[in-house]
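Visitor: Dumping the structure here so I can ask a few things about it.
The values are calculated or read from the model by the stated rules, or taken from the named source; none is laboratory data. Given the structure is predicted, the values throughout are model-derived calculations rather than measurements. Neighbour counts run over all protein chains shown; Cβ positions are idealised from the backbone, glycine included.
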């Protein structure tokens, strides 16, 4: 029988929570493979998946957090001749060197692991041109002899590790059209935080293409989750109010404080445990430590900044790896770049912020804004020719 074997990796470090983590991983896999008719068998050591279109399913599993290794393997009877036959079949097209690695979990099997390595290795040597190299082989053939059957495989595909999405609850990602915030979302997912995305649009100052760009970014990140919603905030009225009340050099600082207030209200409404963003220390005026110290106090919800201490090249490397970079650099402005002052303040004062905010009734505008958020759940319906 041809099936997929999953190796857990970091999950094996868990104690009492291990069963819950594995259960959630199985749920996430079932969701990702819903079009493949999956049948999942799991235990504390391994997970086995029977499904349609195995190779296509493996590609999807490489984007599931909580998986250390993915293997296309064969389940056969614990019969010596059957194992020898399947081992030779798997190795007949290989070249160079090999070794055999047997794990005899079923102690009723009559031959011990090291001895069985020699039995299988001798059979392969006799019937192929391969040579043995136990230190640095070109191919390792793995044989796991368990009570429920014998599993045999060669190549292990690396998973992306981390924790299963959802083990740490739900967070809200402030998703812009830039390079940093999609990477922050990816890193939050890797630590088990299930996310939704919050995007601020300000038409006519921001274009429909800018919204489509962010929708595309959310769709790409959703390949690592399968559970993301995009919440689109109508930010025009609030942004124009900030501009008309002479925020001047404080424009970005006040705008970010308003964005955090909206994220706070949305988090309370939907039960998010954290606000996540792509702020990187010192990268722009609103991301100096002084600016963060003035912006952050408008919410008491934890703010997570996964890329805070990365340099831009490190962030770009991850963006390329997760396929968000080319979309992020498309030239459509978001609301953080319009009305941008020539010399934004880098050491804002809280007193000045409070004085500016007294000039207009931002609380009622925020309430109206939160009440009129658009929620996108089906990214397939929003695809365009943007790319």
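Visitor: Listed residues 274, 218, 241; which is over 17 Å from the mean Cα position of the chain (by Cα), buried (at least 17 other Cβ atoms within 10 Å of the Cβ) and either in the same structural domain as residue 332 (by TED's automatic domain parsing) or at pLDDT below 95 (or both)?
Guide: Exactly one residue qualifies, and that residue is 241.
Visitor: Sort through 190, 211 and tell me the only one that's free of Cβ contacts under 8 Å to residues at least 60 places away in the same chain, farther than 30 Å from residue 81 by Cα and outside the structural domain of residue 67 (by TED's automatic domain parsing).
Guide: So the residue among 190, 211 that is free of Cβ contacts under 8 Å to residues at least 60 places away in the same chain, farther than 30 Å from residue 81 by Cα and outside the structural domain of residue 67 (by TED's automatic domain parsing) is 211.
Visitor: Return yes when residue 368 is within 29 Å of residue 169 (Cβ to Cβ), at pLDDT 95 or above and either assigned by TED's automatic domain parsing to the domain that holds residue 227 or not in a helix (DSSP H, G or I) (or both) and no when it is not.
Guide: Criteria met by residue 368.
Visitor: Taking the stretch 90-104 on its own, how many of its residues are free of Cβ contacts under 8 Å to residues at least 60 places away in the same chain, touching a strand residue (DSSP E or B) at 6+ places or on another chain (Cβ under 9 Å) and under 20 Å from residue 79 (Cβ atoms)?
Guide: Residues flagged as free of Cβ contacts under 8 Å to residues at least 60 places away in the same chain, touching a strand residue (DSSP E or B) at 6+ places or on another chain (Cβ under 9 Å) and under 20 Å from residue 79 (Cβ atoms) within the stretch 90-104 amount to 5.
Visitor: Still on this structure: Quick one: which of 72, 41 is in contact with a helix residue (DSSP H, G or I) (Cβ under 9 Å, 6 or more places away or on another chain), more than 22 Å from residue 227 (Cβ to Cβ), at pLDDT below 95 and not in a loop (DSSP other than H, G, I, E, B)?
Guide: Only one candidate qualifies: 72.
Visitor: Out of 35, 52, which single residue is out of contact with any strand residue (DSSP E or B) (no Cβ under 9 Å at 6 or more places or on another chain), assigned to a helix (DSSP H, G or I) and at pLDDT 90 or above?
Guide: 35
Visitor: May I ask you to list the residues in the stretch 189-229 that are in a strand (DSSP E or B) and closer than 30 Å to residue 22 by Cβ?
Guide: 194, 195, 196, 197
Visitor: Filter the stretch 143-178 for residues that are over 15 Å from the mean Cα position of the chain (by Cα) and outside any strand (DSSP E or B); which is surrounded by the fewest Cβ atoms within 10 Å (Cβ to Cβ)?
Guide: So, considering only residues that are over 15 Å from the mean Cα position of the chain (by Cα) and outside any strand (DSSP E or B), the one surrounded by the fewest Cβ atoms within 10 Å (Cβ to Cβ) is 147.
Visitor: Is it fair to say residue 252 is at pLDDT below 95 and in contact with a helix residue (DSSP H, G or I) (Cβ under 8 Å, 6 or more places away or on another chain)?
Guide: Yes, satisfied.
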